[in-house]
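S.K.: I'd like to ask you about the structure that follows.
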Amino acid sequence: MNVIIVPDYEQMSLHAAALVAGEIRSRSRTVLGLPTGNTPKGMYWELVRMHQAGELDFAGVVTFNIDEYWGLPPDHPMSFAYYLRTHLLQHVNVAPENAHWPDVGQDPAAACQAYEDQIRAVGGLDLAVLGIGHNGHIGFNEPGTAFDSVTHLVRLAQETRLANYRGYGFKDLADVPEYAITMGIQTIMAARRVLLLASGRAKAAAVARAVQGPVTEAVPASILQRHPDATLIVDEAAAFALHASSA
Ligand code: PGA
């Protein structure tokens, strides 16, 4: 893994946006797997700024959200589809038919299969951008998820529901859905390139386990050690627990 340590959240966001922009500019069509959460907001702001400044064209960009709450329709303000529209899609020129998220309105197994089929139909992901959970999850692949998993329905860990309740503005813990659909570990690992972002001391332990711990299904992000082109951009606070020798 290529680990890039930057001073702070702003630098993480700028570096991440530059990497994503480089991918978009490098080919006529770029298929992105995109995350939600608090971590990537600054990256999206910078990508939008680049577009509005005339520096970045999204006409050839195809997007797939990494995950989605089960039971929240795309127009629900807490859905990840809504998040991506408000943080990126409304402000750039991704064609509406090129923006994808799991269809939570149908049978879960059919929705998961359809999502895998859609990703395959465009030739797979060129770049998957990820956050990391305190428990080491990527997407909503919670600890214990099989490394060979594809897109699937997942019951969210209680710590994930709590983190989402505290971090994302849900009024009540009971409002945080219990289930979600997520790209599987294998789906993410099949991306040609992976970028993982982490900011803040609260992510330091998860980052250290992902980068320097054993590769284990108990720490889903640790599988990225086996990806041929994985980059981690972490700020100094999130890099706090990394040993200097291999960071
Ligand atoms: P966060 O979420 O960016 O809101 O911290 C990351 C995650 O849980 O994957």
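S.K.: Springs between alpha-carbon atoms under 10 Å, Gaussian network over the chain: tell me which of 230, 191, 163 tops the mean-square fluctuations.
M.R.: Maximum among the listed residues: 163.
S.K.: Oh, and also: List the residues whose amide H sits under 5 Å from the amide H of residue 99, counting only those 5 or more places along or on another chain, with H placed 1.01 Å from N in the peptide plane.
M.R.: Result for residue 99 returns 63.
S.K.: Next question. Using only the Cα atoms of the stretch 126-227, what semi-axes does the equivalent ellipsoid have when each is the square root of 5 times a gyration tensor eigenvalue? Give whole Å, largest first. Please report the intermediate quantities before stating the final value.
M.R.: On the way: eigenvalues 95, 51, 29 Å².
Working through the eigenvalues yields semi-axes of 22, 16, 12 Å.
S.K.: Tell me, Kirkwood radius of the stretch 19-144 from alpha-carbon pair distances, in Å?
M.R.: The answer is 15.1 Å.
S.K.: Binning at 5 angstrom from zero up to the longest distance, how are the C-alpha pair distances of the stretch 1-89 distributed in percent?
M.R.: Over the stretch 1-89, the share of Cα pairs per 5 Å bin runs 3, 13, 21, 24, 19, 13, 5, 1 percent.
S.K.: Can I ask one more? Just in the stretch 1-80: which trypsin sites (Lys or Arg not before Pro) are loop by DSSP and have at most 12 other Cβ atoms within 10 Å?
M.R.: Qualifying residues, ordered by number: 27.
S.K.: Something else now. Within the stretch 24-76, list the GluC sites (Glu not before Pro) lying in a DSSP loop whose Cβ has at most 14 other Cβ atoms in a 10 Å radius.
M.R.: Numbers: sites: 46, 55, 68; in loops: 55.
In loop regions of the stretch 24-76 (DSSP not H, G, I, E or B), the sparsely surrounded GluC sites (Glu not before Pro) are 55.
S.K.: A further question on this structure: Note down the net charge around residue 43, summing +1 for each Lys or Arg and -1 for each Asp or Glu among other residues with Cβ under 12 Å from its Cβ.
M.R.: It works out to a net charge of 0.
S.K.: If amide H atoms are built 1.01 Å from N in the plane of the peptide, which residues on other chains or at least 5 residues away come under 5 Å of the amide H of residue 30?
M.R.: 61, 62
S.K.: For the chain, set up a Gaussian network in which alpha carbons nearer than 10 Å are linked by springs, and say which option among 196, 232, 162 fluctuates the most.
M.R.: Answer for the Gaussian network model of the chain: 162.
S.K.: Tell me, what does the Kirkwood hydrodynamic radius of the stretch 72-185 come to in angstroms if you use every pair of distinct C-alpha atoms?
M.R.: 15.2
S.K.: Given 20 °C and 1.002 mPa s, compute D for the stretch 17-68 with the Stokes-Einstein relation, Rh being the Kirkwood radius over Cα pairs; round to the nearest whole µm²/s.
M.R.: Rounded, D is 187 µm²/s.
S.K.: OK, next. Mind listing the phi-derived Karplus ³J(HN,Hα) values for the stretch 85-96, rounded to whole Hz, using 6.51, -1.76 and 1.60 with θ = phi - 60°, and x for any glycine or proline?
M.R.: So the Karplus estimates, Gly and Pro as x, are 5, 6, 8, 9, 4, 5, 9, 10, 9, 6, 5, x Hz.
S.K.: Using a Gaussian network model on the chain with a 10 Å cutoff between Cα atoms, which of 110, 237, 16 fluctuates the most?
M.R.: In this elastic network of the chain, the residue with the biggest mean-square fluctuation among 110, 237, 16 is 110.
S.K.: If you don't mind, another one. What's the whole-number percent of alpha carbon pairs in the stretch 109-151 lying beyond 18 angstrom?
M.R.: 40
S.K.: With viscosity set to 1.567 mPa s and temperature to 4 °C, compute the Stokes-Einstein D of the stretch 52-98, Rh being the Kirkwood radius across alpha carbon pairs; µm²/s, no decimals.
M.R.: D = 111 µm²/s.
S.K.: Give the whole-number value, in cubic angstrom per residue, of the convex hull volume spanned by the C-alpha atoms of the chain.
M.R.: About 113 Å³ per residue, rounded to a whole number.
S.K.: Using only the Cα atoms, work out Rg/Rh for the stretch 83-126, with Rh taken as the Kirkwood radius, to two decimals.
M.R.: On the way: Rg = 12.0 Å, Rh = 11.8 Å.
That ratio equals 1.02.
FYI, it's all coordinate maths here, none of it is from the lab. Owing to the predicted nature of the structure, the values given are computational and were not obtained by experimental measurement. Cβ: placed from backbone, ideal geometry, glycine included. Neighbour counts: every protein chain shown.
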